[in-house]
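The next block holds one structure in the form of structure tokens; read it before the comments.
None of the figures in this text is laboratory data; all of them are computed from the coordinates on show. What you see is a predicted model, and the numbers here were worked out from it, not measured in a lab.
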Amino acid sequence: MFLWLRKFVSVAAALLCPLLLIALFLSVFFLSPPVSLGMEMAHSGGTPVVPIERLRPLTNKSGYIFAGTVTAIHASPAHDAKDVATIAITFHVDHAVRGVRTGQSLTIREWMGVWENGQRYRVGEKVFLFLYQPSKLGLTSIVGGPQGRMSIHRGGQVNVGLVRYTRGVASGGPVKNFVSVAELEQAVRFAEKDLR
């Protein structure tokens, strides 16, 4: 009588053990916070928004962080050998995160060479920017090159770019390519906390 029970238990254990291991694996990797794998992400309603490790370098070096609309562009040629040709870009700050106020009109000056190399704006364009604090000459530029300039599409969705992982995503939901300005600000604030 005990022989059939022992066989039943061993067969049941052999079948259930892999299922339990799979359930344990899934619960650890998909239900626990992403930090457990070193893949820190800002969350909005449990869905990963932007990997924090991507935002840290941008946030750390930025003097100005904001969403804005380009309202004017003006070129200033060099007047003499000591002068630098610049381009002045004026933004209406639609959503302030750091160094500016919402509703403010902000004019930045960039070296003309940046403009000539393709980093251009157009009046009416909506962008989310990470900018360096202005230099002694009053010039600034985008932190991290193209990563520090994110286009804002209709409906206020920020294109944070396609995010790929080599080890997989530690969450139950997909990483988004488009997020709201508020979600991106939340991710920036999360990255700021980690820098302090």
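Express in nm, to one decimal, how much length is gained between Met112 and Ala81 on full extension, taking 0.36 nm for each residue of separation and deducting their alpha carbon distance.
Using 0.36 nm per residue and subtracting the Cα-Cα distance, I get 9.7 nm.
Across bins of 10 angstrom width beginning at 0, how are the C-alpha pair distances of the stretch 65-137 distributed, in whole percent?
19, 50, 26, 5
Which residues' amide hydrogens lie under 5 Å from the amide hydrogen of Ser141, considering only partners 5 or more residues apart or on another chain, with H built in the peptide plane?
It is Tyr132, by chain and number.
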